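Values quoted throughout were computed directly from the atomic coordinates according to the rules given, and no laboratory measurement underlies them. Note that the structure is a prediction, hence the values are computed from the model and not measured. Neighbour counts are summed over all protein chains in view; Cβ atoms, including those assigned to glycine, are modelled from backbone coordinates with ideal geometry.
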Amino acid sequence: MGYIESNLLADEKIVYKAKLHWIIFWKSWALIVLGIVFLLIQPIVAGIIIAIGVLAMIAPIIDYATSEFGVTTKRVIIKVGFLRRKTLELLLRHVEAISVDQSVTGRIFNYGSVTLTGTGGVREVFHNISAPLEFRRQIQGEAT
């Protein structure tokens, strides 16, 4: 059971869940592929590059496994981080604005940053969310 499920209020149901996009792994995979290419030319260098790529993948794997983005019938609940945890639980009626920022690559691969602004000056930005426009649509759909 994840953070969202364990923190639901009475009569609250999960409407939509989002995850981080797989693009967070691209640097690690690029290093591993580069290492594989180097296997034919210089095996020792290739082994080092592949090892660096595998080590570089640890942080994104932890981020991917421990980040949760959810919309419920009453709130937007977001949790990121493992050792250093950051959470946002914003009642839907307190959401003032939702903005989505996507680069050209983000539009092609369907990921981006979502900024939630709530009453009282709450403003949080969450990066590399998969299908950010759908996440925004779900929040807006529940808020009405």
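Ranked from highest to lowest mean number of other Cβ atoms within 10 Å per residue, what is the order of the peptides 129-142, 111-124? Display every interim value, and only then the final one.
Values: 129-142: 18.1, 111-124: 16.1.
Per-residue mean Cβ counts within 10 Å order the peptides as 129-142, 111-124.
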- Distance from the Cα centre of segment 22-46 to that of segment 72-144, in angstrom? 33 Å
- Message: If you build the convex hull over the alpha carbons only and average its shadow over all orientations, what do you get for the chain? Give it in nm² to one decimal.
- Response: 10.4 nm²
- Note on the structure: A correct Karplus calculation of ³J(HN,Hα) over segment 112-128, with 6.51 cos²θ - 1.76 cosθ + 1.60, θ = phi - 60°, whole Hz and x for Gly and Pro, returns x, 9, 10, 10, 9, 10, x, 4, x, x, 5, 9, 10, 10, 10, 9, 6
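Where the only charges are on Cβ atoms (+1 Lys, Arg; -1 Asp, Glu), what is the dipole of the chain about its Cα centre, to the nearest 20 debye? Numbers along the way, then the final one.
Numbers: 15 positive and 11 negative charges, 20 e Å.
My answer is approximately 100 debye.
Of all the Cα-Cα pairs you can form in segment 1-67, what percent are over 15 Å apart?
Numbers: 1379 of 2211 pairs.
Of all Cα-Cα distances in segment 1-67, 62 percent exceed 15 Å.
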- For residue 15, list long-range residues whose amide hydrogen, built 1.01 Å from N in the peptide plane, is under 5 Å from its own amide hydrogen. 71, 72, 73
- Debye intensity ratio in log₁₀ form over the Cα atoms of segment 37-80, taken at each q of 0.26, 0.27, 0.31, 0.34 Å⁻¹: -0.85, -0.87, -0.97, -1.04
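If I take every Cα pair under 8 Å that is 6 or more residues apart in the chain, average their sequence separation and divide by the length, what percent do I get for the relative contact order? Could the numbers behind the result be given before it?
Details: 232 pairs, mean separation 32.8, N = 144.
Relative contact order for the chain comes out at 23 percent.
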- Note on the structure: For 14-23, 74-83, 33-42, ranked highest to lowest by mean beta-carbon neighbours within 10 Å, the order is 74-83, 14-23, 33-42
- Query: Can you list the lysines whose alpha carbon is less than 21 Å from that of residue 27, not counting same-chain residues fewer than 8 positions off?
  - Reply: 19
